[in-house]
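**Q** This is the structure, below, for whatever I ask next.
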Amino acid sequence: MSGESKTGDELNELLERGEISPEAYAEYADSTPHTRVESAMFDHLTLRVGELATVDAAFTAMLAALEIGQTASTPNLSVWGNFAVTQSDDAHPIARRAHIAFVAPTPAHVESFWQAGIDVGFTDNGTAGPRPDYADDYYAAFLQDPAGNNFEAVYRDGARPKGSIDHVGLRVHDVQASAAFYSMIAATAGLTLRRQASDRASFTVGRSEGVLSVVAGEPTENVHIAFSGDDDDVRRFHADATAAGYRSNGEPGERARYHDGYYAAYVLDPDGNNIEVVNHHR
C-alpha cells in the first residue's frame, strides 16, 4: 500500500479480496485523520451477524432515526461511525448478548429509534421514557435482536461521547475476573474503574462520560472492541496482558493490510471477546 490515503472504492476492493479486515474497514473506510482523542469513547466496535443484508436494513432505519448516517457498506460489512456489523462465517460466529447504547440528540430521537426498531422486527425491551433509576436526565428506549443483543438509544443533558456509541455492556461469567482484566489494561486502553460490586463493574473511557460495564450473566460472545492508544500503549497492553496469562490474539505490529501505519495488538478477555489497542498514525 502506498503512503496516500485509500479511496472508498479502493478499500472496498481490498475488503472483497480479503486484504483488509472487516474490523479495520469498519473504522477506516473514510479518510478523516484519526488520532487518539481522550474524549472519544471507543475506537471501534464490531458485531458479527448472521444475515448482513437484513441487519443492514434494520440498523440503517434505526440509526437514521438518531441522525447517525451509514459511513460504509459492502456485501460483507456495514459501518455507522465507530459501530459496525459484519457477516459471520464458520470461523467467526455471531455476536450474542452484547448491550450497545447509541447517542440520541433529543428525547424525540429516542422515540423514533424505538419505533423504527419495532417496525423492522426487533423486540421491545423497554419503551421510550425517563429512567430516573439511572440518572435524573436519562431518557432511553431498548430493543433486542434474535441473538439476545440489546440496543439502546439514550439522551442525556450536556456533552456526550464522540462517535455513535454512548456506552457498552458485556455480560460475563465472572465479574471479578473480568474487572481484573479491564483494570489490568486500564492504563493502556484509557479506562478508569468507576465502581465495582459483586455483580458488576464499570469503567469510564478517557475523559468521556461513556462507560464500559461488565455485568454478571450468561456471557456476551464474539464481540470485538478496540481502544485508541500510542505505540507504547499497544506494546504495553499486549505485554502486560500476556504476562498475566491472558491469551494473545495478535502480537504488536503494523497491519499494513488495513492501512499504512496501522499499529495494533489483540488479546482475548476472560470470556473470549477480542480486545484491541490501536494507533493509526494519522
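**Q** Quick check on packing: order 241-248, 136-143 by the mean number of other C-beta atoms within 10 Å, highest mean leading. Spell out each step's value before the answer.
**A** On the way: 241-248: 13.5, 136-143: 19.6.
Highest to lowest by the protection proxy: 136-143, 241-248.
**Q** Also, quick follow-up: Pop out the carbon and sulfur fraction of the accessible area of segment 35-148 as a percent, whole number, probe 1.4 Å.
**A** 52
**Q** In segment 147-266, with Lys and Arg counted as +1 and Asp and Glu as -1 at Cβ, which of these residues, A186, Y263, H238, has the Cα nearest the positive end of the dipole, that is, farthest along it?
**A** Checked the options; the winner is A186.
**Q** Please give the net charge around D174, taking every other residue with its beta carbon less than 13 angstrom from that of D174, where Lys and Arg add +1 and Asp and Glu add -1. Numbers along the way, then the final one.
**A** Values: positive: R171, R200; negative: D199, E218, D269, D271.
With Lys, Arg at +1 and Asp, Glu at -1, the net is -2.
**Q** Keeping all protein chains in place, calculate the accessible area per residue for segment 168-215 (probe 1.4 angstrom), answer in Å².
**A** Values: 2030 Å² over 48 residues.
Value returned for segment 168-215: 42 Å² of accessible area per residue.
**Q** Using a probe of 1.4 angstrom, how much of the accessible area of segment 183-237 is carbon and sulfur, in percent?
**A** Working: 1000 of 2370 Å².
Taking all protein chains in place, segment 183-237 shows 42 percent carbon and sulfur surface.
**Q** Something else about it: So, for segment 216-282, what is the accessible surface per residue at a probe of 1.4 Å, expressed in square angstrom?
**A** Values: 2700 Å² over 67 residues.
That works out to 40 Å² per residue.
**Q** Further, regarding this structure: Does segment 150-279 come out rounded, prolate or oblate by the C-alpha gyration tensor, with a ≥ b ≥ c the root eigenvalues, rounded set by a/c under 1.5 and, if not, prolate when a/b is larger than b/c and oblate if not? Walk me through the numbers before you get to the answer.
**A** Working: a/c = 1.74, a/b = 1.23, b/c = 1.41.
It comes out oblate by the Cα gyration axes.
**Q** Something else about it: Determine the gain in length on full extension of the stretch A177-V120; use 0.36 nm per residue of separation and subtract their C-alpha separation, reporting nm with one decimal. Write out the running numbers ahead of the final one.
**A** Details: separation 57, 0.36 × 57 = 20.52 nm, distance 3.73 nm.
Length gained between A177 and V120: 16.8 nm.
**Q** Just grab the label-to-label distance for A186 and D157, each label 7 Å out from Cα along the Cβ direction, in nm (one decimal).
**A** In this crude label model, A186 to D157 measures out at 2.9 nm.
**Q** Net charge within 12 Å of S112 by Cβ-Cβ distance, Lys/Arg positive one each and Asp/Glu negative one each, not counting S112 itself?
**A** On the way: positive: none; negative: E67, E111, D119.
Net local charge, S112 excluded: -3.
**Q** Separate question: In what sequence, highest mean first, do 189-200, 51-62 appear when ranked by Cβ atoms within 10 angstrom? Intermediate results must be reported in sequence, preceding the final value.
**A** Working: 189-200: 14.9, 51-62: 18.2.
Per-residue Cβ counts within 10 Å, averaged per peptide and sorted highest first, yield 51-62, 189-200.
The values are calculated or read from the model by the stated rules, or taken from the named source; none is laboratory data. Computed from a predicted model, the values in this text were never measured in an experiment. Heads up, the Cβs are rebuilt from the backbone with ideal geometry, glycines too, and the neighbour counts pull from every protein chain shown. These area figures cover heavy atoms from the full protein model, side chains too; ligands, DNA and RNA do not enter into them. Shrake-Rupley method; radii C 1.70, N 1.55, O 1.52, S 1.80 Å.
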